[in-house]
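Notes to accompany the following structure.
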Amino acid sequence: MKDYSFIRYILLFSMILLVFSCEAKKRGNIEKEVKNRLVNHIKKVNLNNNGIEDPVYFYKDELTKNPGVEPLLYRGVSFNIDDKPLEYHKNLWTSTYDERDNLEINILTKMFGDWDGYCFVGDYNKNGKDEVTFYVIGGIAASIQTYEYYDNRIKKILSCPDVGRIEYKDIEGSDQKALIIVGTSEGVLNAPKPKVTLYTWNTSENKFNETDYTEEYWKDQGREKRD
């Protein structure tokens, strides 16, 4: 019988090289993307739980420059580890907030930590690493996105794309809170009750679970009031 162990070793080694090559190319593209961008704000964050705070960069407004496409304004954010950009995302921060937005921001500080006008930073899941949460205004709706450094990458652990109103509820037997997101059709004439989603933390999968909470929410007249 032939021994194919050497061939399997070569294939495994080739796959590892391919993964490292793709990661190196990705980082190279990110470094090129942010190289000449003007920084608007820097937030130091305990991303890696190694005693060193890594910077999250907020870049000034810039127009897209795709040929044949109308320029669009975006605001970029990069997450850096060991002073090198690991991830780059567009449209993760908003420059101005009104009185209504500030009400929602006050609710989010009770879950996601301190707010500095750009993002929330705190250790919601109590694993020793900071999560970075963004509250982004866009049209009639807002969005909430939370990121954490996990398995050598920046992982999105929460995404709420349609935020009309924010509430929370205490979780029995825990110091954590569940996030309640009411959709954007509330208050619209002749519109049905908006969808309501409950977000609770899933420790084993290191992310928030989404549960349709619409029926229970609108039936529950004794739900927790907003402060």
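Summary of values
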quantity: The range 141-167 residues that are farther than 22 Å from Val45 by Cβ, paired with ones that are assigned to a strand (DSSP E or B) and of a type in the set (S, T, N, Q) (beta carbon under 7 Å, 6 or more apart); calculated: Pro161/Ser143; Val163/Ser143
quantity: Pair list, Cβ under 9 Å, 6 or more apart: the range 212-227 residue closer than 17 Å to Glu104 by Cβ and aliphatic (A, V, I, L, M), other residue modelled with pLDDT of 50 or more and surrounded by 12 or more Cβ atoms within 10 Å (Cβ to Cβ); calculated: none
quantity: Within the range 113-139, tally of residues that are within 13 Å of the chain's Cα centre (by Cα), assigned to a strand (DSSP E or B) and either acidic (Asp, Glu) or farther than 18 Å from Lys90 by Cα (or both); calculated: 3
quantity: Every residue from the range 78-112 that is in a strand (DSSP E or B) and under 16 Å from the mean Cα position of the chain (by Cα); calculated: Ser78, Phe79, Asn80, Leu86, Glu87, Tyr88, His89, Lys90
quantity: Residue in the range 140-153 that is surrounded by fewer than 17 Cβ atoms within 10 Å (Cβ to Cβ) and over 26 Å from Asn91 (Cβ atoms) present; calculated: no
quantity: The range 106-124, residues that are surrounded by fewer than 17 Cβ atoms within 10 Å (Cβ to Cβ) and under 18 Å from Gly138 (Cα atoms); calculated: Gly117
quantity: Residue check, Lys43 at pLDDT below 55, surrounded by 12 or more Cβ atoms within 10 Å (Cβ to Cβ) and out of contact with any His (no Cβ under 7 Å at 6 or more places or on another chain); calculated: no
quantity: Members of the range 134-158 found to be among the β-branched types (Val, Ile, Thr) and closer than 16 Å to Asn48 by Cα, listed by number; calculated: Thr146, Ile154, Ile157
quantity: Sole residue being out of contact with any Leu (no Cβ under 7 Å at 6 or more places or on another chain) and at pLDDT below 85, chosen from Glu167, Glu210, Glu205, Glu186; calculated: Glu186
quantity: Single match in Ser159, Ser143 (criterion: within 23 Å of Lys195 (Cβ to Cβ), in contact with a Pro (Cβ under 7 Å, 6 or more places away or on another chain) and of a type in the set (Ser, Thr, Tyr)); calculated: Ser143
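Here is a yes/no grid of residues against (1) surrounded by fewer than 19 Cβ atoms within 10 Å (Cβ to Cβ); (2) over 21 Å from Val163 (Cβ atoms); (3) modelled with pLDDT of 80 or more:
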| residue | (1), (2), (3) |
| --- | --- |
| Thr64 | yes, yes, no |
| Trp93 | no, no, no |
| Asp98 | yes, no, no |
| Asp101 | yes, no, yes |
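The values are calculated or read from the model by the stated rules, or taken from the named source; none is laboratory data. For clarity, every value in this text was computed on a predicted model and none was experimentally measured. Reconstructed Cβ throughout: ideal geometry from the backbone, glycine too, with neighbour counts over all protein chains shown.
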